Each structure stands twice: as C-alpha cells, then as structure tokens.
Amino acid sequence: MFPSFRPTLLRSAATLLAAAPLLFGSAHAAFPDHQVTIVVPFAPGGGSDIVARTLSNLLTQDLKQTFIVDNKPGAGANIGAKYTAAARPDGYTIMVISSVLTANPTLYAKQHPFDAIKDFTPIVEIGDSPNVIVTRPQSGIKNVADLIARAKADPNLLNYSNPGAGTAPHIAVEYFKYRAGINITNVPYSGAGPSMQAALSGDTQLGSFSLGSVAQYMSSGRLVGLVHTGRGRLPDFPNVPNMTEAGFPNSELATFQVLVGPAGMPKEVVDILAKATLAILKRPDVQETLKNTGFGIIGGGPEQLKARIAQEVPMYREMITKANIKID
C-alpha cells in the first residue's frame, strides 16, 4: 500500500544499526565526560584521604575531567563502602579504601556490611604500609616489654586510639593483645586524623596507625614508635623493632590502600582508570611524596588487586576469630 515508505524504513533501520556501536559505546569511549567522585570512607587526614587527594589532583589533570574527594566516615568505614557498592557501576563513583575492605566482612558479619569480593570491582592495588604502635615521649613507655609490664600490672591502665573498628591498626593491636595476654582498652575513631589528635594530645596513652599516617609525627619526635607490624626494620626508623623481634612472630599485617568501584563496571572504564592511576604512581614526584609519608607503592592492576582481596579476606577472618575481636 505504501511502496515508497518501506524502503525508506529499511534504510533508516540499517543506518541506526550501523551507528549503534558508536551511539551506545560512546559513554565508555568518552569516559570521563563529567565529574568523578572518589569516596573516602574515613574522616580527612588519614592515609586513605592522603592517597585519594593525591590521585584526584593528578587524575583531574591527566583525564581532563574533575575528580573530587568525598569523605563519608562512620560505622568503621561501612557507610562509605556501602554507598560506593550501591552506586551506578559507570565509573563516576569510585573509592580509595584501606584494609577494612577485607576485614569488615568478618568483623561485622552479623550486620552483613558488604562482600569484599562480590560487591566491588578491583581497579588498582595502590600500595601498603606497616602499622606502628606509638606513644608520646612523656608517657614513659620505652619499649614493648615496658608496655606489657604496665598492662599486666594494671589491666585497666592503658588505652589506645585507632582509625576505626576493623582497620588494620585496630586489628594489629587486638591480635597483639591476644598474643601477649594483656588488656589495652580500644578507643576507635572515625579516621586517622581524629585518632591521631587523641594520641598527640594524650587523650590516649597509645595509638596505632599505618606508618603512612604517623611517619611525620615520629620524625618530629612528637610520637615514639614502639613496634611495627612489617618485616625487617623501617628505613627511616631503624630503632623501631618489628613484631617478630619483639617476641611475637607471624604477626605481620600491612594497611593497604586500594582503588575500587561498584561491582559490574565496564572493562573499558576500569582500564582507563587503572592505566591513568598506574601512570601517576610511576611519577617520581608522587613516589617521593608517598614515600615521605611511609607509604610503599605497589602499583598493581585489577587482576593483582583481585588476588590480594581473595587472599586477605580469609587471613583477617582467622586473625579476628582467634583474637575474638569484637566491635565495642
């Protein structure tokens, strides 16, 4: 009935089909075409925040689009992590998070906070840092033996600040308490910034932090390192023994910093973010900046980070279970 209309329809349909890869692939090809949010599930001032702000400034330059940092502290980092997990998996909401990613699923098991493996897309294993138990010089605590002696003499005497329940610095001390058979009261905060102020001011006698967060205060002498959870000796703080030297072998525990996004992110977007981030981590100025904060750059891609997450989830499960670590 409409002899000239059908060919026109067919030609139009063919044109649309031919253009479909361009039309529907453009969102990925043009990524990012608007502002990207990097969630930090802690208060400002800690290791995750430092890393995120370093990356946001340089990703903004390199990818020609604005990257902002959005601090969402609370509930042991679960608020920010769950916010990220629930975001659209388009690459415009990503997260820099510490080892709570692999610890919280066990520590908060009854609350079902998130699944570290199923709820996130691995992007970059940025790096890690050993944890250090510190005190003010005025405390009179000189070493681990002195710390243990004081704790055994009065189990209610000592307390320690940390960046939050489930963080590696928190678990490091709780595991140490279990191994040493002592009590030190846990005083968790919403990030390394506020917990650091507690240790610096003397509100707590002790503090536990990643080396990346506390290095500047150790260098200035405002805080003294008693023991660290890494291997060997720290190059910039050779007088601080590791846990094995202090009499507690098999207690190595590093705080990692990683970049992840919601599960289901397109590979093209992951590749863009990973390539740009890994290039930034190779820059000498960035390496020097992060090294000066006690942070060791790893620079692993998505598959490497996926493997580390899979390894650390059961590791933390074992440590938390053995030490019977509970959320206060």
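The values are calculated or read from the model by the stated rules, or taken from the named source; none is laboratory data. Bear in mind that the values here come from a model prediction, so they are computed numbers and not experimental data. Virtual Cβ from ideal backbone geometry, glycine too; neighbours counted across all protein chains shown.
Closer than 30 Å to Lys275 by Cα, crowded, with 24+ Cβ neighbours inside 10 Å and either of a type in the set (A, V, I, L, M, F, W, C) or in contact with a helix residue (DSSP H, G or I) (Cβ under 9 Å, 6 or more places away or on another chain) (or both): which single residue out of Asn162, Asn104 fits that description? I'd like the intermediate steps shown before the answer.
Working: Asn162 fails: closer than 30 Å to Lys275 by Cα.
Residue meeting the stated conditions: Asn104.
So which residues in segment 52-70 are of a type outside the set (Gly, Ala, Ser) and without any contact (Cβ under 8 Å) to a residue 40 or more places away in the chain, if there are any at all?
Scanning segment 52-70 gives Arg53, Asn57, Thr60, Gln61, Lys64, Gln65, Thr66, Phe67, Ile68, Val69, Asp70.
Identify, from the list Ala43, Ala52, the residue that is within 18 Å of the chain's Cα centre (by Cα) and at pLDDT below 95.
Values: Ala52 fails: at pLDDT below 95.
None of the other options fit; the residue is Ala43.
Please specify each residue of segment 115-146 satisfying the condition of being over 19 Å from Ser48 (Cα atoms), of a type outside the set (Gly, Ala, Ser) and outside any helix (DSSP H, G or I). Break it down stepwise before answering.
Applying the first criterion (over 19 Å from Ser48 (Cα atoms)) to segment 115-146 yields 115, 117-119, 134-146.
Still in the running and of a type outside the set (Gly, Ala, Ser): 115, 117-119, 134-138, 141-144, 146.
Once the filter is applied, which keeps residues that are over 19 Å from Ser48 (Cα atoms), of a type outside the set (Gly, Ala, Ser) and outside any helix (DSSP H, G or I), segment 115-146 yields Asp115, Ile117, Lys118, Asp119, Val134, Thr135, Arg136, Ile141, Lys142, Asn143.
Select, from Leu259, Leu305, Leu290, the only residue that is touching a strand residue (DSSP E or B) at 6+ places or on another chain (Cβ under 7 Å), assigned by TED's automatic domain parsing to the domain that holds Lys118, outside any helix (DSSP H, G or I) and surrounded by 15 or more Cβ atoms within 10 Å (Cβ to Cβ). Spell out how you get there, then give the answer.
Numbers: Leu305 fails: outside any helix (DSSP H, G or I); Leu290 fails: outside any helix (DSSP H, G or I).
Testing whether each residue is touching a strand residue (DSSP E or B) at 6+ places or on another chain (Cβ under 7 Å), assigned by TED's automatic domain parsing to the domain that holds Lys118, outside any helix (DSSP H, G or I) and surrounded by 15 or more Cβ atoms within 10 Å (Cβ to Cβ) leaves just Leu259.
Go through the residues of segment 270-286 one by one and say whether even a single one is modelled with pLDDT of 95 or more and outside any helix (DSSP H, G or I). Among the residues of segment 270-286, at least one is modelled with pLDDT of 95 or more and outside any helix (DSSP H, G or I), which makes the answer yes. The residue of segment 92-114 that is farthest from Lys267 (Cα to Cα), among those that are touching a Pro at 6+ places or on another chain (Cβ under 8 Å) and in a strand (DSSP E or B), is Ile97.
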